[in-house]
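Participant: Could you have a look at this structure, given as structure tokens, before my questions?
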Amino acid sequence: MAEEPCQCPDCQRFYKEHDRLIRQFPTFKQQQELNWASIQSFRTLCSKVTNELERQLTERQSSEDITLEGKHISVEDITDALDELESVNAYLYSIEALMERIFDIKLSNNIEAKFKEIANELAPDPLNVDRIILNRLFHQTPDFPDKKNIN
């Protein structure tokens with residue numbers, strides 16, 4: 001028997017985002033571009049935060065008065081974060097190298113059409129009228145009250 005998908009709020013947000021990305025980017029090429037942009041934006045943000053934290057650490061270490069009161073981020077927090085961000089950046093460079101290999105792959109228009117077809121099956125539009133009607137058949141909703149007569 002198939003295991004039911006997790007219903008916790010984090011997983012539900014993941015499923016919703018997963019399906020949205022399939023609906024909005026249903027072709028192989030669009031998925032390539034989406035993933036490339038995602039990796040690049042993540043690397044850019046991590047690099048900028050790393051640079052800012054390194055600047056703050058340098059300022060604090062060179063300062064004669066190293067009182068941490070009133071500071072939002074401690075020196076220990078900065079050094080720990082820099083270590084972690086260094087690892088993240090290394091992983092992102094590895095992912096980028098793999099993505100470059102994926103970008104070498106080109107698919108025909110017929111195969112791209114198959115991607116779109118499968119995307120519609122995997123993640124149908126939740127606001128599609130047919131889907132809403134089907135959901136109402138399976139689940140009683142407040143805007144579609146039960147036809148029982150309450151007297």
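The values are calculated or read from the model by the stated rules, or taken from the named source; none is laboratory data. The shown structure was predicted, so the numbers you read here are calculated from the model rather than taken from an experiment. Because the Cβ atoms are built from the backbone with ideal geometry, glycine has one as well, and the counts that use them run over all protein chains shown.
Participant: In this structure, is residue 75 surrounded by 13 or more Cβ atoms within 10 Å (Cβ to Cβ) and modelled with pLDDT of 90 or more?
Facilitator: In short, no.
Participant: Checking residue 20 against (1) outside any helix (DSSP H, G or I); (2) touching a residue at least 24 places away in the same chain (Cβ under 8 Å), only one condition comes out false. Which one?
Facilitator: With (1) outside any helix (DSSP H, G or I); (2) touching a residue at least 24 places away in the same chain (Cβ under 8 Å) applied to residue 20, the lone miss is (1).
Participant: Which one of 87, 94, 47 is surrounded by 13 or more Cβ atoms within 10 Å (Cβ to Cβ) and within 21 Å of the chain's Cα centre (by Cα)?
Facilitator: 47
Participant: Assess whether residue 115 counts as being of a type in the set (Phe, Trp, Tyr) and in contact with a Leu (Cβ under 9 Å, 6 or more places away or on another chain).
Facilitator: yes
Participant: Determine whether residue 87 is modelled with pLDDT of 80 or more, among the hydroxyl-bearing types (Ser, Thr, Tyr) and over 26 Å from residue 23 (Cβ atoms).
Facilitator: For residue 87, the condition - modelled with pLDDT of 80 or more, among the hydroxyl-bearing types (Ser, Thr, Tyr) and over 26 Å from residue 23 (Cβ atoms) - is met.
Participant: Restricting the search to segment 97-113, which residues are assigned to a helix (DSSP H, G or I) and charged (D, E, K, R)?
Facilitator: Of everything in segment 97-113, those that are assigned to a helix (DSSP H, G or I) and charged (D, E, K, R) turn out to be 100, 101, 112.
Participant: Quick one: count up the residues across segment 7-44 that are over 17 Å from the mean Cα position of the chain (by Cα) and surrounded by 11 or more Cβ atoms within 10 Å (Cβ to Cβ).
Facilitator: Looking only at that region, the number is 3.
Participant: Could you go through segment 119-132 and let me know if any residue there is at pLDDT below 85, assigned by TED's automatic domain parsing to the domain that holds residue 49 and surrounded by fewer than 10 Cβ atoms within 10 Å (Cβ to Cβ).
Facilitator: Let us first name the residues in segment 119-132 that are at pLDDT below 85, namely 124-132.
Still in the running and assigned by TED's automatic domain parsing to the domain that holds residue 49: none.
Looking for residues that are at pLDDT below 85, assigned by TED's automatic domain parsing to the domain that holds residue 49 and surrounded by fewer than 10 Cβ atoms within 10 Å (Cβ to Cβ), one finds none in segment 119-132, hence no.
Participant: Related question: Does residue 53 meet the test of being in contact with a Phe, Trp or Tyr (Cβ under 8 Å, 6 or more places away or on another chain), surrounded by 13 or more Cβ atoms within 10 Å (Cβ to Cβ) and in a helix (DSSP H, G or I)?
Facilitator: No, not satisfied.
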